[in-house]
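Student: First, the structure itself, so that you have it in front of you.
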Amino acid sequence: MDKVDMFKIGTQIMLEHVLEAERFLERGQSPSDYEHQLLKDNRRVEAILNGMIIPPYELEIQTTSLCNLRCLHCFGKDYGRIQPQMTVAQLKQLSEKIAEFVEDKYSIRVIKFCGTTGEPLVNPATIEGIKIFKAMGKEVICFTNGLWLDKTLPDGQPYYEVVGTVDKVNLSLDADCEETFKRLKGRQGFDKIIHSLEKLVASKPPQNRLIVSYVISIHNYQGIVSAAELLRNSGADELWFRVDFTDAEDIRGISGDIIDSLEKAKSYSSPDFKVMSVYSAEAISGNDGAFNSFGRKCFNRFFWACIGPDSNLYACGHRTHAGIQSYGSLLDHSFRELWERRQQNLDDLPDNHCLYCSPSSVRRNDFMTFLSQLSEQQRKQVYALAQ
């Protein structure tokens, strides 16, 4: 073999990992372009792959385990609840611990209020928590079912005005009408939420994103298109559809109808309103691997952590419920101490408690696994794709 042939072979090998990376980048467009986001944050990626202990990118805070709805598709409905609810005083103490955790210029960038078994706005402390972390300059995200957006603080300020200050709101609607909403969630509330959504849109700054999410199940798949039609002029920025990953068998049975309806729903997209499916047609029609991370290494643990209603640190938001061992209380320990303890005890993840994994987590684990198998020089070539 002469030098020319060796050069051609070497070039082909070099290109193979770049081509593979390009295939990963085709999985989703902004704002669900998770692989591209990792490439843009490649300094953090390199730090993780080199074994550095750095703060997570995103910290989820679950202020309560209580909920005001009983959604049939909720993956947390059968989990035991963590007690008690978080207080404002505890949130202030936690904010100090979060601010202290800085390593090599890395810090926690995003604070997300969410819940595995609970609805954040059931606990009034969430509203004060939003104010605390916005004042710290953090990017704040709030997930809510929207039912209590019209509640008011003691001074008369409605919740929706405070929620409207966050950088991103994800409102879980999951229905196209009152009848479907009641059948799916156990009580009326659809019209009330739509009214609150309109007030939220009117009060929020235009740069803050409002996402309405719709979990598709056997109970509401016939409302996919009408939901898009209803919401296109609501002022929401995006409508995200995902399928009920707790009922993969039934989803497969109606996958053809779902995929057809999603294509029709996307026709309501406009420059001001984006309709998207979180899962690909392949995942919806039968690829259960898109719903969990079994067979993959859990890299998401380096990017995401969760504080439960008991102020304890947990591996991730999907593992924050009774029966899961926490890594200790942030009220009694520094964040760095618990983070180091947590990282040392997560090498066996995913385990039998990881039944469901978020779409972003699955894709992040996939891409990080791919990157971890490359040399440093090969990764640099892949990172160049983000430029």
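Student: Summarise the accessible area of the chain (1.4 Å probe, protein heavy atoms) by the percent that is carbon and sulfur.
Tutor: Carbon and sulfur together cover 49 percent of it.
Student: To the nearest 20 Debye, how big is the dipole of segment 209-367 about its Cα centre, given +1 on the beta carbon of each Lys and Arg and -1 on that of each Asp and Glu?
Tutor: Charge dipole, segment 209-367, about its Cα centre: 440 debye, nearest 20.
Student: Going by Cα centres, segment 295-332 and segment 53-123 are how many Å apart?
Tutor: 10 Å
Student: Just from the alpha-carbon atoms, what are the Rg and Dmax of segment 143-302 in angstroms?
Tutor: 16.7, 52
Student: Okay, moving on. Tell me which aspartates and glutamates have Cα within less than 19 Å of residue 185's Cα, excluding those fewer than 8 residues away on the same chain?
Tutor: Within the straight-line limit of under 19 Å, residue 185 reaches these aspartates and glutamates: 78, 119, 150, 174, 176, 244, 247, 250.
Student: Then there is this: Could you give the DSSP H helices of the chain that reach 24 angstrom or more along their long axis (alpha carbon positions) and whose average Kyte-Doolittle hydropathy is no lower than 0.0?
Tutor: 3-25
Student: Let me ask another. With the crude spin-label approximation of a point 7 Å out along Cα→Cβ, what separation in nm comes out for residue 356 versus residue 341?
Tutor: Going from the residue 356 label point to the residue 341 one covers 2.9 nm.
Student: Give, rounded to the nearest 20 debye, the magnitude of the charge dipole that segment 109-192 has about its Cα centre when Lys and Arg contribute +1 at Cβ and Asp and Glu contribute -1 at Cβ.
Tutor: Dipole about the Cα centre, nearest 20: 300 debye.
Student: At residue 50 and residue 89, where each label point lies 7 Å from the Cα along Cα→Cβ, what is the point-to-point distance in nanometres?
Tutor: Going from the residue 50 label point to the residue 89 one covers 4.4 nm.
Student: Determine the calculated [θ] at 222 nm for the chain from helices alone, applying -39500 (n - 2.57) to every DSSP H run no shorter than 4 residues and normalising by the residue count; nearest 500 deg cm²/dmol.
Tutor: -11500 deg cm²/dmol
Student: If you don't mind, another one. Could you let me know the centre-to-centre spacing of segment 211-282 and segment 134-174, using Cα atoms, in angstrom?
Tutor: 24 Å
Student: At 1.4 Å probe radius, can you tell me the per residue accessible area of segment 257-387 in Å²?
Tutor: So segment 257-387 comes to 43 Å² accessible per residue, rounded to a whole number.
Student: Shifting gears a bit: Sketch the reach of a paramagnetic label on residue 187 as a point 7 Å from Cα along Cα-to-Cβ, and name the residues of segment 67-97 whose backbone nitrogen lies under 13 Å away.
Tutor: Within reach of a label on residue 187: 67-71.
Student: Select from 355, 126, 82 the residue farthest towards the positive end of the dipole of the chain; place +1 on Cβ of Lys and Arg, -1 on Cβ of Asp and Glu, and compute about the Cα centre.
Tutor: Farthest towards the positive end: 126.
Student: Give the lysines reachable from residue 192 as a straight Cα distance under 26 Å; neighbours fewer than 8 places away on the same chain don't count.
Tutor: 77, 112, 131, 151, 168, 182, 204, 266, 274
Student: Calculate the all-directions average of the projected area of segment 85-172's alpha-carbon convex hull, and give it in nm².
Tutor: Projected over every direction and averaged, the Cα hull of segment 85-172 covers 6.0 nm².
Student: Separate question: Just to confirm, what accessible area per residue do you get for segment 132-222 at 1.4 Å probe, in whole Å²?
Tutor: On a per-residue basis, segment 132-222 sits at 42 Å².
Student: Here is a further query. For segment 37-137, what is the convex hull volume of its Cα atoms per residue in Å³?
Tutor: 137 Å³
Student: Straight-line reach from residue 105: which lysines fall under 17 Å, measuring Cα to Cα and dropping same-chain residues less than 8 apart?
Tutor: Residue 105 reaches 40, 97, 138.
Student: Quick check: from the Cα gyration tensor, does segment 208-347 come out rounded (a/c under 1.5), prolate or oblate?
Tutor: It comes out prolate by the Cα gyration axes.
Student: So in the chain, which Cys have no other cysteine's beta-carbon sitting under 4.7 angstrom from theirs?
Tutor: That list is 67, 114, 142, 177, 298, 306, 316, 354, 357.
Student: Give me P(r) over segment 310-383, computed from all C-alpha to C-alpha distances, binned every 5 Å, as integer percentages.
Tutor: 3, 13, 19, 19, 17, 14, 9, 5, 2
The values are calculated or read from the model by the stated rules, or taken from the named source; none is laboratory data. Predicted, not measured: the structure shown is a model, and the values here were computed from it. Heads up, the Cβs are rebuilt from the backbone with ideal geometry, glycines too, and the neighbour counts pull from every protein chain shown. Accessible surface areas use protein heavy atoms only, side chains included; no ligands, DNA or RNA. Shrake-Rupley method; radii C 1.70, N 1.55, O 1.52, S 1.80 Å.
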